[in-house]
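Participant: Sharing a structure here in structure tokens format.
The values are calculated or read from the model by the stated rules, or taken from the named source; none is laboratory data. These figures come from a predicted structure and were not determined experimentally. Please note: Cβ atoms are built from the backbone with ideal geometry, for glycine as well, and neighbour counts cover all protein chains shown. The protein model used for the area step is the full one, side chains on, heavy atoms only, and it has no ligands, DNA or RNA in it. Shrake-Rupley method; radii C 1.70, N 1.55, O 1.52, S 1.80 Å.
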Amino acid sequence: MMGVEVKVCGITNKRDALNALQAGANYLGFILYPKSPRYVTLEDVKRVSDSLKDISCKKVAVDVAPKLEDVALMQKADFQYYQFHFPLDLDKEIIRQWSEMVGPSNLWLAPKLPTGANFPEYLLEYSETFVIDAYSPDKFGGTGKSADWKSFSEFQNLYPEKKWILAGGIGPDNIASAYQKVDLQVVDINSAVESEPGVKDEVKIKKLFLCLQELEK
């Protein structure tokens with residue numbers, strides 16, 4: 001069992017889900033944000049889930065600033081965790097309601113933080129887990145660019161009681177560098193293990209897990 005947990009995000013089909021799980025993925029992420037090239041519907045998620053009935057896996061609903069009624073629909077689906085990206089000017093009341101609905105231990109908050117920005121401390125009471133992704137002025141995740149690793153380490157040191165997930169362009173070519181530079185607990189991989197948006201490359205996925213296994217020996 002590897003020490004670093006891995007979430008393979010942007011799953012759109014059964015084959016990619018199976019390949020990710022067989023390689024060693026701890027979590028599968030399904031993007032419910034319609035503007036994403038990896039968008040799936042709750043019906044799509046159910047189809048993939050039904051095909052994985054004999055395999056235990058933790059599923060993560062991924063969305064951008066979802067409405068409360070959409071969160072309620074997600075809760076009826078088969079998700080264990082909820083990863084919500086949002087702009088920093090989003091009303092705190094909405095974040096509080098997400099937390100109340102799904103619980104702080106199941107909510108993964110992914111604030112859109114510019115490089116070098118301080119972590120917004122008011123978020124700490126709403127969640128136990130935070131996703132730090134690459135900053136883009138016009139996108140929420142899925143950029144393929146690296147996150148601000150320096151800030152990631154600072155946040156971890158400041159708030160060690162929380163779980164920190166590193167996202168942003170991580171794949172087989174830079175996982176060793178990430179592992180050596182930050183205290184990796186959970187890594188979120190997506191575009192760097194694809195052959196095209198929404199289609200995972202089995203070879204790249206296997207290569208990433210082999211790299212991690214070597215690093216953790």
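Participant: Of a type outside the set (Phe, Trp, Tyr), modelled with pLDDT of 90 or more, buried (at least 17 other Cβ atoms within 10 Å of the Cβ) and under 17 Å from the mean Cα position of the chain (by Cα), is that true of GLY141?
Facilitator: The answer is no for GLY141.
Participant: Taking the criterion of being at pLDDT below 95, among the acidic types (Asp, Glu) and open to solvent by 30 Å² or more (accessible area, probe 1.4 Å), would at least one residue in segment 157-165 satisfy it?
Facilitator: Within segment 157-165 (the criterion being at pLDDT below 95, among the acidic types (Asp, Glu) and open to solvent by 30 Å² or more (accessible area, probe 1.4 Å)), the answer is no, since none of the residues qualifies.
Participant: May I pose another question? Which of the residues belonging to segment 120-138 are assigned to a loop (DSSP other than H, G, I, E, B), acidic (Asp, Glu) and modelled with pLDDT of 95 or more?
Facilitator: GLU128
Participant: Mind checking which pairs have a first residue in segment 109-124 that is open to solvent by less than 30 Å² (accessible area, probe 1.4 Å) and a second that is of a type in the set (Val, Ile, Thr), Cβ under 8 Å, 6 or more apart or different chains?
Facilitator: LEU109/ILE95; LEU109/THR129; LEU109/VAL131; ALA110/VAL131; ALA110/ILE132; LEU113/ILE132; LEU123/ILE95
Participant: Which condition does TRP98 not pass, out of (1) assigned to a helix (DSSP H, G or I); (2) open to solvent by 50 Å² or more (accessible area, probe 1.4 Å), if it passes all the others?
Facilitator: In the conditions (1) assigned to a helix (DSSP H, G or I); (2) open to solvent by 50 Å² or more (accessible area, probe 1.4 Å), TRP98 misses (2) alone.
Participant: Taking the residues in segment 177-217 that are assigned to a strand (DSSP E or B) and out of contact with any Leu (no Cβ under 9 Å at 6 or more places or on another chain) as candidates, determine which candidate is most open to solvent (accessible area, probe 1.4 Å).
Facilitator: Here the answer is GLU196.
The rows are residues; the columns are (1) basic (Lys, Arg); (2) without any contact (Cβ under 8 Å) to a residue 12 or more places away in the chain; (3) under 17 Å from VAL131 (Cβ atoms).
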site: ALA176; (1), (2), (3): no, no, no
site: TYR179; (1), (2), (3): no, no, no
site: GLN185; (1), (2), (3): no, no, yes
site: VAL199; (1), (2), (3): no, no, no
site: LYS206; (1), (2), (3): yes, no, no
site: GLU216; (1), (2), (3): no, no, no
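Participant: Then there is this: How do the helices (runs of 4 or more DSSP H) wholly within segment 1-82 filter down when requiring 1 or more residues that are among the acidic types (Asp, Glu) and open to solvent by 40 Å² or more (accessible area, probe 1.4 Å): which remain?
Facilitator: 42-51, 68-76
Participant: Regarding segment 100-107, can at least one residue be identified that is within 20 Å of VAL131 (Cα to Cα) and touching a residue at least 40 places away in the same chain (Cβ under 8 Å)?
Facilitator: Within segment 100-107, not a single residue is within 20 Å of VAL131 (Cα to Cα) and touching a residue at least 40 places away in the same chain (Cβ under 8 Å).
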